[in-house]
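Below you'll find the structure, written out as structure tokens, and then a few comments.
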Amino acid sequence: MSTGAPVDGFTLSFDRLGSVGRQPVVLLHGWPGDRTDMASVAERLGDEFDVVVPDLRGFGASDKHLRDPGDHYSMVAQARSVTGLIEELGLSHVVLGGYDIGSRVGQQLAKDRPDLLSALVITPPAPGVGSRILGEGPIREFWYQSFHHLDLAEKLLDGKPDAVRDYLEYFWTHWSGPDFTLDDARLEHLTSVYAPAGAFVASIGYYRAAGNVVARYLGETVPDEKIMVPTTFLWPEHDPLFLGAWSDRVGEFFAQVTVQPVEGVGHFVPVEAPDTFADAIVRAST
């Protein structure tokens with residue numbers, strides 16, 4: 001594990017695998033996870049790539065300063081840290097892979113610094129949901145984002161290992177596909193990084209910065225300028241948060257986009273289907 005230079009006072013810890021000088025790949029994890037979400041994908045890319053896998057701000061071994069979420073944990077702020085790491089390492093024409101929050105950060109980076117990227121390989125969330133967020137199923141699933149805005153979330157969970165373990169286990173079980181079994185060692189690892197005092201509340205800083213998910217999608221408009229970075233969406237069959245039908249509008253937001261359905265898996269595509277994720281990275285690099 002290495003540590004990058006601070007951006008806005010936040011340092012990112014990261015793993016670097018493969019061969020320096022090869023095609024660079026940056027892999028971004030989601031919530032509730034850390035950089036180990038991407039370990040199997042990175043291993044499958046082997047020595048043919050220069051693979052950098054950071055913990056985002058507020059996660060894993062990276063800095064977890066308890067500062068204003070809007071200024072320090074937003075998509076823009078997270079993207080600044082990833083940009084800083086890419087530039088510090090001297091990477092260019094990066095293939096960026098991400099899921100969940102990592103996907104959001106990747107999309108932000110593609111807007112802010114498309115010159116750094118050659119391709120995106122991401123999973124939902126995606127733009128284009130609109131009023132469909134008001135459906136009975138989505139409203140039932142997205143409760144946790146509103147909960148994360150409450151002080152009660154910190155009081156019930158932060159610094160409480162047993163409560164954190166139960167909370168993480170719920171999402172890794174509920175959001176994953178029918179054939180996925182959460183490994184006990186993985187649950188213990190994630191508990192160890194989310195349970196220390198201040199760690200859980202830092203991990204939800206992104207949600208507190210993002211505002212209300214329903215209002216965000218209802219207020220969504222088609223941009224004047226599309227994301228120009230070639231993009232592959234790996235869309236899992238069993239993700240309860242982002243239904244397959246919601247992929248129909250991504251072309252309004254991305255100039256060059258391919259939607260690849262991923263059968264049999266849920267929200268955690270890099271963990272549940274690392275071969276699929278790695279293969280998409282390889283294709284995007286050519």
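The values are calculated or read from the model by the stated rules, or taken from the named source; none is laboratory data. Predicted model only: the values in this text are computed from it and were never measured. Every residue, glycine among them, receives a Cβ derived from its backbone with ideal geometry; neighbour counts consider all protein chains shown. What goes into the accessible areas is simple: the full protein's heavy atoms, side chains included, and nothing from ligands, DNA or RNA. Shrake-Rupley method; radii C 1.70, N 1.55, O 1.52, S 1.80 Å.
A few remarks follow.
- Subset of region 2-30 (residues that are modelled with pLDDT under 95, at positive phi and open to solvent by 50 Å² or more (accessible area, probe 1.4 Å)): Gly21
- Among residues of region 267-286, those that are in contact with a strand residue (DSSP E or B) (Cβ under 8 Å, 6 or more places away or on another chain) and buried (at least 16 other Cβ atoms within 10 Å of the Cβ), counted: 11
- Residue within region 208-218 that is open to solvent by less than 70 Å² (accessible area, probe 1.4 Å), under 17 Å from Tyr99 (Cα atoms) and not β-branched (Val, Ile, Thr) present: yes
Residue-by-condition table, conditions (1) open to solvent by 40 Å² or more (accessible area, probe 1.4 Å); (2) touching a Gly at 6+ places or on another chain (Cβ under 6 Å):
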| site | (1), (2) |
| --- | --- |
| Thr181 | yes, no |
| Tyr194 | no, no |
| Ser203 | no, yes |
| Gly244 | yes, no |
| Gly251 | no, no |
| Val265 | no, yes |
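- Residue count for region 168-191, restricted to those that are without any contact (Cβ under 8 Å) to a residue 24 or more places away in the chain, assigned to a helix (DSSP H, G or I) and either within 13 Å of Thr36 (Cβ to Cβ) or among the basic types (Lys, Arg) (or both): 3
The rows are residues; the columns are (1) open to solvent by 10 Å² or more (accessible area, probe 1.4 Å); (2) in a helix (DSSP H, G or I); (3) touching an Asp or Glu at 6+ places or on another chain (Cβ under 6 Å).
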residue: Gly90; (1), (2), (3): yes, no, no
residue: Ser103; (1), (2), (3): no, yes, no
residue: Gln107; (1), (2), (3): yes, yes, no
residue: Lys111; (1), (2), (3): yes, yes, no
residue: Asp115; (1), (2), (3): yes, yes, no
